[in-house]
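What follows draws every value from the coordinates through simple rules; no lab data is involved. In this text, all values refer to a predicted model and were calculated from it rather than measured experimentally. Virtual Cβ from ideal backbone geometry, glycine too; neighbours counted across all protein chains shown.
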Amino acid sequence: MIVFAPEKAPQAFTYDAQNNQQQVTTMSQDEQLNAQAHALWGSLAYQKGLYQAVKLAP
């Protein structure tokens with residue numbers, strides 16, 4: 001998981017299910033850019049009208 005927070009550098013975490021803990025980990029530049037793109041996509045799609053509402057059957 002990558003966490004973005006205003007005014008802070010992104011942080012990456014992994015989850016250890018056996019110990020029920022999150023641990024700070026490293027991430028590549030590609031992983032960071034990919035996560036950032038996913039985080040921003042919803043706003044961009046809405047602003048540009050790049051989505052369509054699902055049409056419900058009558």
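Structure values in brief
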read-out	value
Low-density loop cleavage sites - chymotrypsin sites (Phe, Trp or Tyr not before Pro) in the chain, where at most 11 other Cβ are within 10 Å (DSSP)	Y51
Likely footprinting exposure, V24, V3, fewest C-beta neighbours within 10 Å first	V24, V3
Two-site FRET efficiency, A17 against A39, from Cβ-Cβ distance with R₀ of 35 Å, rounded to 0.05	0.90
Degrees separating the helix 29-48 axis from the principal Cα axis of the chain, which is the longest one	20 degrees
Rg/Rh ratio calculated on Cα atoms of the chain (Kirkwood radius)	1.17
